[in-house]
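Report on one structure; see the data block that follows.
Derivation of every value follows stated rules applied to the coordinates shown; laboratory data play no part. Since this is a predicted model, take the numbers as computed values, not measurements. As a convention, Cβ positions derive from the backbone with ideal geometry for all residues, glycine included, and neighbour counts pool all protein chains shown.
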Amino acid sequence: MAENYVGLTDTGKVRTNNEDTFITQKVMGNRMVLAAVIDGVGGYNGGEVAAAIAKDVFIDRLSGLQGEIIPGMIDAFKLASEQISAKKQSDKELESMACVATMALVDIENNQFFYAHVGDTRLYLLRDSTLVKISKDHSFVGFLEDSGRLTETAAMNHPKRNEINKALGFTSQIDTDESFIETGQSPFLPGDMLLLCSDGLTDMVDKSGILDIITQDIPLPEKAIQLINTANDNGGRDNVTVVLVKNDKQQHKPQATMPASAPVKRNDEHDDGITPVRPQTKTERTPQDEPPMAQQKSNLLTPILGILCLVFLATSIWLYLSKRSGGKPVASASSSAQKLRNADEVKLQDAIDAFKGDTLVLSDTSFKSPVILTDTLHIDQDTLYIRIKGSLVLQRDTAYHGPALSPGTDSKVVGLNNITFKDFDVAIDLQNNSLLLKNTQFINCKLPIQRAYNLPAGKPVTADFLATRLHADTRISTPAKPNGAR
């Protein structure tokens, strides 16, 4: 076993067979390290067969690779997918098998690595005690996590976390879609480390826990053992596989150089240490030679220029704000002062702003009932469902006449569950947003929902503005279009 790379796999605590496999060996005339983690899918035996096929193809195709690296890796992935599909055709008992894989070719001599990836196995880069996820998960839950809509903890516990949308042997799309295989190249500096792993690790151990283990001052094999043991200690629901590769070359740290103690001699200095006095010409004048009046003018000019700059800046700001308000002068602070927002509405808005997932669950016990709104609650997330445990009443402050809730233009889908709107002129102000309601009530609201469509100005528009039918439980259905409608 080489000192700078190691691979380890384990069945886990729940499964009876291991559909994972890995590769850690030198290829291309020992110039590069081939590291890969392959996770088979398709049930007992099927996943193992698919993973074994991919492993054999990767080793055979890349051992003597000539020419460009990444095209060779892509070719290996396509060939593995083709052979898995062929095996499925010849053996109907294996027709549901496929595999996901992450591969790296590591050129330690030239401080770089190349990678190819399909599925939800992962590639991480450790540099300066910071762990960076390089690959993207090709799954719905992985997309939500990578885009910030779902926290790592929520993704690890999501019921659909193991549903993938890309795999080798899964579809012929790999041959026509250039984006099907994720590839890349990156520097691999002395001291850097790569971690390739199956989801059996990342479903059981979070990023912080992984970082704590691999930054310990222990040999690579012990780090791999600790990663697998921790996954098993946390439940071991799946097979666990890890591969570690380290650039073990010595790190070069720049040394600070002290400045020379001897002063640098000017060109007009003599060896005897005496600097000759240069005769002053009529055009030269020292500051002491300036008349007193000239010095006073110079001293006064600086503050005058500063005042003029401030006046110009203030005028520019006033004109800008006036233009934004439709050409009307901006009201003074005293005349436009608004009522301060109360603690509950601030807490509710902060909870919405800070949430990074797609379903925000709040308890009605966290808020006074009702929550009095003195301003609009804004939603800027792409997708956000707000669900209240119990029920929450939002009520208009008597001095406020704006909407209770207003999704922004970047918000595509908003869902509300167990919320009551009371006494608003407009309860929900929509633009081109989709709205889902469940157990939602509108009490004494002049206009429960107002929608404004943003359409291109000065251009012909062809669109269907479909009506909706609202039921007592606020479920929304869309009537079928008339025959011939487009």
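Counting other C-beta atoms within 10 Å, which of Lys438, Lys166 has the fewest, and how do the rest follow? It would help to have the intermediate numbers written out before the result.
Numbers: Lys438 15, Lys166 22.
The fewest-first ordering by Cβ neighbours comes to Lys438, Lys166.
Order by neighbour count: Cys445, Cys197, Cys99, fewest other Cβ atoms within 10 Å first, most last. Mind showing how you got there, number by number?
On the way: Cys445 19, Cys197 27, Cys99 32.
With the fewest neighbours first, Cys445, Cys197, Cys99 line up as Cys445, Cys197, Cys99.
When Lys and Arg each count +1 and Asp and Glu each count -1, what net charge do the other residues less than 9 Å away from Asn111, Cβ to Cβ, add up to?
For residues surrounding Asn111, the net value is -2.
With a cut-off of at most 14 other beta carbons within 10 Å, and DSSP calling the residue loop, which trypsin sites (Lys or Arg not before Pro) in region 1-41 qualify? Please list them. Each step should come with its number before you reach the end.
On the way: sites: Lys13, Arg15, Lys26, Arg31; in loops: Lys13, Arg15, Arg31.
Here the trypsin sites (Lys or Arg not before Pro) that fit, given the DSSP loop and packing criteria, are Arg31.
Quick check: the distance between the Cα centres of region 426-458 and region 105-143, to the nearest angstrom?
Value for the Cα centre distance between the two parts: 43 Å.
Give, as a single signed number, the net charge of other residues whose beta carbon lies under 12 Å from the beta carbon of Ala80, with Lys and Arg counted +1 and Asp and Glu -1.
0
What distance in nm separates the simple spin-label points at Ile59 and Glu163, each placed 7 Å from Cα in the Cβ direction?
A separation of 3.6 nm, rounded to one decimal place.
Counting other Cβ atoms within 10 Å, keep those with at most 12, restrict to DSSP loop, and tell me which GluC sites (Glu not before Pro) in region 99-191 are left.
Glu109, Glu163, Glu178
Enumerate lysine pairs in region 5-246 that are 8 or more residues apart or on different chains, then count those whose Cα atoms are under 18 Å apart.
17
Please give the peptides 343-355, 416-428 ranked by average Cβ packing (other Cβ atoms within 10 Å per residue), highest first, as a rough proxy for protection.
Listed from highest to lowest mean packing, they are 416-428, 343-355.
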